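J.: My structure is below; once you've seen it, I'll send some questions.
The values are calculated or read from the model by the stated rules, or taken from the named source; none is laboratory data. Bear in mind that the values here come from a model prediction, so they are computed numbers and not experimental data. As a convention, Cβ positions derive from the backbone with ideal geometry for all residues, glycine included, and neighbour counts pool all protein chains shown.
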Amino acid sequence: MKLTVAQLAERLGAELVGDSAECRRQISAVGAVESAGENEVTFVTDPKRNYVHLGPGSLSEQSDGPFFKKSENGARTLTDVRRIARLKQSHAGAVIVARRIEGLAKPQLIVKDVNAALIEALNVFRPELKAAPEGIDPTAKVAANAKIASGAAVGAGAVIDDRVEIGESSIIGSGCKIGENSKVGRNCRLDSNVVVYHNCTIGNNVVIQANSTIGSTGFGYSFIDGAHRLVPHNGGVSIEDFVEMGANCCIDRAKFGNTIIGAGTKIDNLVQIAHNVVIGKGCLIAGQVGISGSCKLGDGVVLAGQVGLADNIEIGDGVMVGAQAGVSHSIAAGQRVFGSPATERKEAFQIIGLTKRLPKLVKQLKQLSKRIEKLEAAKDNKE
Amino acid sequence: MKLTVAQLAERLGAELVGDSAECRRQISAVGAVESAGENEVTFVTDPKRNYVHLGPGSLSEQSDGPFFKKSENGARTLTDVRRIARLKQSHAGAVIVARRIEGLAKPQLIVKDVNAALIEALNVFRPELKAAPEGIDPTAKVAANAKIASGAAVGAGAVIDDRVEIGESSIIGSGCKIGENSKVGRNCRLDSNVVVYHNCTIGNNVVIQANSTIGSTGFGYSFIDGAHRLVPHNGGVSIEDFVEMGANCCIDRAKFGNTIIGAGTKIDNLVQIAHNVVIGKGCLIAGQVGISGSCKLGDGVVLAGQVGLADNIEIGDGVMVGAQAGVSHSIAAGQRVFGSPATERKEAFQIIGLTKRLPKLVKQLKQLSKRIEKLEAAKDNKE
Amino acid sequence: MKLTVAQLAERLGAELVGDSAECRRQISAVGAVESAGENEVTFVTDPKRNYVHLGPGSLSEQSDGPFFKKSENGARTLTDVRRIARLKQSHAGAVIVARRIEGLAKPQLIVKDVNAALIEALNVFRPELKAAPEGIDPTAKVAANAKIASGAAVGAGAVIDDRVEIGESSIIGSGCKIGENSKVGRNCRLDSNVVVYHNCTIGNNVVIQANSTIGSTGFGYSFIDGAHRLVPHNGGVSIEDFVEMGANCCIDRAKFGNTIIGAGTKIDNLVQIAHNVVIGKGCLIAGQVGISGSCKLGDGVVLAGQVGLADNIEIGDGVMVGAQAGVSHSIAAGQRVFGSPATERKEAFQIIGLTKRLPKLVKQLKQLSKRIEKLEAAKDNKE
């Protein structure tokens, strides 16, 4: 796909500022400020409304502190001055911005929400790929009583067990296995080699990336007669609408009832979610997070990369947990915690700061001790 | 499967206490206290003999402290009073308990070991699934000189290489690959897309869940002539009887000899076990643990979630390592350690506690300094 | 393969010291000092040039400190005395050493570089396996316009999409999926069930072990109109020559441009590399490391096991990061850091040491307080 700068501005609903010759330039891709060429559009996200990363792969809004990148006044965020300097050096053919930048030679597409415009621009210039497949590959093994909706696709070598249902326009990748009785809704995409065990339910518009495992038996053992005996897992997994999950994740089935991933929750790669966990709506779970058995997460919870939650705890709505934190107890709604064991974020940072001052504190202690000695000596002399 | 409460009591060898009409109620599942309906049986595990979780997915007995949930007198365990209050509100049709609870309207199934009875009840009410498959799927690719025992099954698209042996009643899932010369014993279950490289040995009654990888080449390089050169891994992996392993795990093969997982050891999801590691019998390895090369673990070791072990260390029998700990040196049998770097658990908690008191200590230091100043001033005045 | 000790010495270019009868002994394998039998050769790596492990599975040279094993004067390295004692007890038929050891009964193969000789010996005695396959398995599904070079192999059930190119002598394992337009160079090995998404480029001599995922969509969302909306990932992944990667890894594709893994970089199992990360040449990334979006790593960087990097930071050439460290800011070339949040290694160890002395410091503070009280009381008495 190619558009002139002017056409792209129209497509994005952007106000266009720039030389009219420059605005006829062909744009065919989005690029980073540093590397974009003259046929690419770049962008500057609004520092006042910036989504920021928090650990292996995760994103969230207006966070700050270690692993929570400062978005506005933090040292790690580029100042406007530096942003503009970089923009001026950029070879990009045009730039998407939230506010007009004075003295910039290249065309500016001024939009209300740079993030939304960026998504749109990336969609406009998405790589051209074959249309999604339809129908059942002849090498797939589909049970006679499985129901594959019209417009759904089942890839090469996939195995669809008894009584499975696959909804309209859903795509089951090559090498996938969908176990007995499991249901996949409409417009889902399960990429190659995803394994869904029996009795799991996947809603509509769900994406599960390659090599992820849904419905494995959880890690629940009782020590009886000298051996660890597995507690049977009679329950399933329920993944609600619009959940998107990365590659090589594991979601264990419940002992009874369901392990639940709430609607609109997004999960990064290599995440472990144990049996009977219940996750609310619109959560962000970054890479390599581990959530132990029977945890309950509210809505809008953000777990940064490599966080671990102990079992059976409750994490309130909107809680943000900093990268690598280890949470051993329940956290009330809205709190931000950090560290292992995790504590309230400000307290955690204060402790970290004071810990770094320990060498100085030890020195002070020695000096005080010497001053006391002198005072004691003086006292003894007098007595 | 449906049983009356009375039939279930008989099946579990339980003493039955309750109204005879209530005891004729049909039970068809196990449920949690909060959510069980009238056709479900719930349970209260004995707080005095409670298996407790320790991090992403793991279980163990009588642990306490961060990530080791207090089982008896800890704040996080429900007291009997609260348990009974919750039980009285429960809609469950019956309850499995270790001791008779007075004033409870619903039938009670009193058993000696609630955990064992729970396992039995979950087995009674397990979901009805097709019988395990038998025979070789026509789409599997099985080497002519491989030996597949009678009653064993090989799933669709699985690849069984030269001289592989699969024992009686073992099930190799769809999309699995079993490399040259590898042996799988009796009654094993390798779920879909498990990859076992060449020259690996898997005992009897072993479970390996989906997308796990056994026998990958370990991370061993020598820097020679300006490049990292791989140290060949001539050894294999030996997984002993009754080992159960989660999904998306990696067990590397040895450089020479075998990486060994001892009999009855249970491993959670996304666990990394490096080359030449030797793990004893009956260990519990929770989710996302990483064990570096050539570590030796004794019997009954418990590693909570996200623990990391440095290479070439020895972990004695019965050692328990708290969640997210980083163990950099050998640990003697029976010890409990916590933290990164890990230290003895009580010391670790004392340090964590004192660290939190740092703001107060700094304040005290300042006050002492002022008091000394006053004393010094007084002394100077006199002189 | 069997060689006499003398033949092996010749093969390794080693100076041979030993009884001539002993030197005619047959050797058929490499073994560890403790377990090697009389038909095995063992080795003692030179403590002055020793590659050491650093966390779940990783190796590096001359590191020290927690998770960085001391190689020379550290307590965890065997002294020469102990090494020699162990060697004398070893049943090995011969030993590869860097310096002649006096009073040792068994033949010694003295070489300049034990690590290089060990690699050679392991290659000599590598297990006999079938020759690598060639050609396209009839059950593979290869697009008509894909180009599979002569001598390349495509395994059972693999799926090769439109316009994919596979170079000479490369082996695509069973169950792999290579997405549209992706290119794999010469002499590569992708083991079973590896998934490579569309528009990815893999150089020559690359190894990717089983169940790894290349080119998954990264974890990038913008919160728009009350929901997390995926930022499209139009970019790809570029894996350069001689990269070797473990099992169950995830490398996300870029939003634009490429996620890049530099030539000769080695990656362990279960590693997460997020979108737009750029990794230099010859890096070592140990097991379960997580690298967040848009990080830039220089050449020769070493990340020990379970390290996490926050997004958008730069790690200079030759930086070494200790196991489980959490790096929240850029690190200059050549630095060694440790801890979470990570700081300069020596400072980190000093802080850890002082933290352990906190109980003593608290005691000292109390004693000082008492001494001051006494001084104050004495002063008050006088006044």
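J.: Here is a list: A:G65, A:G74. Which entry is surrounded by fewer than 16 Cβ atoms within 10 Å (Cβ to Cβ) and either modelled with pLDDT of 95 or more or assigned to a loop (DSSP other than H, G, I, E, B) (or both)?
T.: Working: A:G65 fails: surrounded by fewer than 16 Cβ atoms within 10 Å (Cβ to Cβ).
Only one candidate qualifies: A:G74.
J.: Collect the residues in region B:179-219 that are surrounded by 22 or more Cβ atoms within 10 Å (Cβ to Cβ), touching a Lys or Arg at 6+ places or on another chain (Cβ under 6 Å) and either farther than 28 Å from C:D241 by Cα or at the interface with another protein chain (Cβ under 8 Å from one of its Cβ atoms) (or both), keeping them in residue-number order.
T.: If the condition is that a residue be surrounded by 22 or more Cβ atoms within 10 Å (Cβ to Cβ), touching a Lys or Arg at 6+ places or on another chain (Cβ under 6 Å) and either farther than 28 Å from C:D241 by Cα or at the interface with another protein chain (Cβ under 8 Å from one of its Cβ atoms) (or both), then B:S192, B:V195 are the ones that fit.
J.: Does region B:330-351 contain at least one residue that is β-branched (V, I, T) and at the interface with another protein chain (Cβ under 7 Å from one of its Cβ atoms)? Before you say what the answer is, go through the steps one by one.
T.: As a first pass, look at region B:330-351 and keep what is β-branched (V, I, T): B:331, B:337, B:343, B:351.
Filter again for at the interface with another protein chain (Cβ under 7 Å from one of its Cβ atoms), leaving B:351.
For region B:330-351, residues β-branched (V, I, T) and at the interface with another protein chain (Cβ under 7 Å from one of its Cβ atoms): present.
J.: Continuing with this model, one more query. State whether the residues of region A:189-207 include one that is at pLDDT 95 or above, among the hydrophobic types (A, V, I, L, M, F, W, C) and either under 15 Å from A:P133 (Cα atoms) or in contact with a helix residue (DSSP H, G or I) (Cβ under 7 Å, 6 or more places away or on another chain) (or both).
T.: Looking only at region A:189-207, we keep the residues that are at pLDDT 95 or above, and these are A:189-207.
Next, only the ones that are among the hydrophobic types (A, V, I, L, M, F, W, C) stay: A:190, A:194-196, A:200, A:202, A:206-207.
Next, only the ones that are either under 15 Å from A:P133 (Cα atoms) or in contact with a helix residue (DSSP H, G or I) (Cβ under 7 Å, 6 or more places away or on another chain) (or both) stay: A:190.
Scanning region A:189-207 turns up at least one residue that is at pLDDT 95 or above, among the hydrophobic types (A, V, I, L, M, F, W, C) and either under 15 Å from A:P133 (Cα atoms) or in contact with a helix residue (DSSP H, G or I) (Cβ under 7 Å, 6 or more places away or on another chain) (or both).
J.: Something else about it: Quick one: which of C:A143, C:A227 is closer than 30 Å to A:G280 by Cα, within 13 Å of chain A (Cβ to nearest Cβ) and surrounded by fewer than 22 Cβ atoms within 10 Å (Cβ to Cβ)?
T.: Details: C:A143 fails: closer than 30 Å to A:G280 by Cα.
That would be C:A227, the only listed residue that is closer than 30 Å to A:G280 by Cα, within 13 Å of chain A (Cβ to nearest Cβ) and surrounded by fewer than 22 Cβ atoms within 10 Å (Cβ to Cβ).
J.: Still on this structure, please answer the following. Do you know which of the residues in region B:130-140 that are modelled with pLDDT of 95 or more and of a type outside the set (D, E) is surrounded by the fewest Cβ atoms within 10 Å (Cβ to Cβ)?
T.: From region B:130-140, those modelled with pLDDT of 95 or more are B:135-140; that's our starting set.
Subset that is of a type outside the set (D, E): B:135-136, B:138-140.
On the way: B:G135: 12, B:I136: 19, B:P138: 7, B:T139: 19, B:A140: 23.
Within region B:130-140, the match that is surrounded by the fewest Cβ atoms within 10 Å (Cβ to Cβ) is B:P138.
J.: Going through B:K112, B:K130 one at a time, which residue ends up being closer than 30 Å to B:E38 by Cα, basic (K, R) and more than 10 Å from every other protein chain (Cβ to nearest Cβ)? Talk me through it step by step, then tell me what you get.
T.: Details: B:K130 fails: more than 10 Å from every other protein chain (Cβ to nearest Cβ).
Going through B:K112, B:K130 in turn, just one is closer than 30 Å to B:E38 by Cα, basic (K, R) and more than 10 Å from every other protein chain (Cβ to nearest Cβ): B:K112.
J.: For region B:282-300, which positions are within 13 Å of chain C (Cβ to nearest Cβ), assigned to a loop (DSSP other than H, G, I, E, B) and touching an Asp or Glu at 6+ places or on another chain (Cβ under 6 Å)?
T.: Residues of region B:282-300 that are within 13 Å of chain C (Cβ to nearest Cβ), as a first pass: B:285, B:287-296.
This time we only want the ones that are assigned to a loop (DSSP other than H, G, I, E, B), so: B:287-289, B:292-295.
Residues satisfying the conditions are B:G287, B:S292, B:G293, B:S294.
J.: Within the group A:Q324, A:Q364, which residue is farther than 16 Å from B:K356 by Cα and outside the structural domain of A:I267 (by TED's automatic domain parsing)? Can you show your working first?
T.: Values: A:Q324 fails: outside the structural domain of A:I267 (by TED's automatic domain parsing).
Selected residue: A:Q364, the only one of A:Q324, A:Q364 that is farther than 16 Å from B:K356 by Cα and outside the structural domain of A:I267 (by TED's automatic domain parsing).
J.: Taking only region B:80-116 into account, find how many residues are in a helix (DSSP H, G or I), farther than 14 Å from B:T42 by Cβ and of a type in the set (D, E, K, R).
T.: 2
J.: Follow-up. Could you say whether any residue in region A:361-375 is closer than 27 Å to C:A323 by Cβ, more than 9 Å from chain B (Cβ to nearest Cβ), surrounded by fewer than 24 Cβ atoms within 10 Å (Cβ to Cβ) and of a type in the set (K, R)?
T.: Within region A:361-375, not a single residue is closer than 27 Å to C:A323 by Cβ, more than 9 Å from chain B (Cβ to nearest Cβ), surrounded by fewer than 24 Cβ atoms within 10 Å (Cβ to Cβ) and of a type in the set (K, R).
J.: Given the structure, is B:A105 among the aliphatic types (A, V, I, L, M), surrounded by fewer than 22 Cβ atoms within 10 Å (Cβ to Cβ) and outside the structural domain of B:A156 (by TED's automatic domain parsing)? Break it down stepwise before answering.
T.: Details: among the aliphatic types (A, V, I, L, M): yes; surrounded by fewer than 22 Cβ atoms within 10 Å (Cβ to Cβ): yes; outside the structural domain of B:A156 (by TED's automatic domain parsing): yes.
The answer is yes for B:A105.
J.: Which of the residues that make up region B:298-343 are of a type in the set (D, E) and buried (at least 24 other Cβ atoms within 10 Å of the Cβ)? Walk me through how you get there before you give the answer.
T.: Just the residues of region B:298-343 that are of a type in the set (D, E), to begin with: B:299, B:311, B:314, B:317.
Answer for region B:298-343, where residues must be of a type in the set (D, E) and buried (at least 24 other Cβ atoms within 10 Å of the Cβ): just B:D311.
J.: Still on this model: Which one is surrounded by the fewest Cβ atoms within 10 Å (Cβ to Cβ) among residues in region A:169-178 that are of a type outside the set (D, E, K, R) and within 14 Å of chain B (Cβ to nearest Cβ)?
T.: Keep residues of region A:169-178 that are of a type outside the set (D, E, K, R), which gives A:169-176, A:178.
Going one step further and asking which of them are within 14 Å of chain B (Cβ to nearest Cβ), we end up with A:172-176, A:178.
Values: A:I172: 32, A:G173: 24, A:S174: 28, A:G175: 34, A:C176: 30, A:I178: 31.
Among those residues, the one meeting the criterion is A:G173.
J.: Filter region C:90-102 down to the residues that are more than 16 Å from C:G31 (Cβ to Cβ), more than 14 Å from chain B (Cβ to nearest Cβ) and buried (at least 16 other Cβ atoms within 10 Å of the Cβ) and list them by number. Before the answer, list the steps.
T.: Kept after step one, since they are more than 16 Å from C:G31 (Cβ to Cβ), are these residues of region C:90-102: C:98-102.
Retained after the next criterion (residues that are more than 14 Å from chain B (Cβ to nearest Cβ)): C:99-102.
Hit for region C:90-102 is C:I101, nothing else.
J.: Any residue in region A:290-299 that is small (G, A, S) and in contact (Cβ under 8 Å) with a residue 60 or more places away in the chain? Talk me through it step by step, then tell me what you get.
T.: To start, the set of residues in region A:290-299 that are small (G, A, S) comprises A:290, A:292-294, A:298.
So of that shortlist, the ones also in contact (Cβ under 8 Å) with a residue 60 or more places away in the chain come out as A:293.
Among the residues of region A:290-299, at least one is small (G, A, S) and in contact (Cβ under 8 Å) with a residue 60 or more places away in the chain, which makes the answer yes.
J.: Scan region B:154-168 for residues that are more than 9 Å from every other protein chain (Cβ to nearest Cβ) and in contact with a Lys or Arg (Cβ under 6 Å, 6 or more places away or on another chain) and report the count.
T.: Applying the first criterion (more than 9 Å from every other protein chain (Cβ to nearest Cβ)) to region B:154-168 yields B:154, B:160, B:163-168.
Next, only the ones that are in contact with a Lys or Arg (Cβ under 6 Å, 6 or more places away or on another chain) stay: B:165, B:167-168.
Summing the residues that are more than 9 Å from every other protein chain (Cβ to nearest Cβ) and in contact with a Lys or Arg (Cβ under 6 Å, 6 or more places away or on another chain) in region B:154-168 gives 3.
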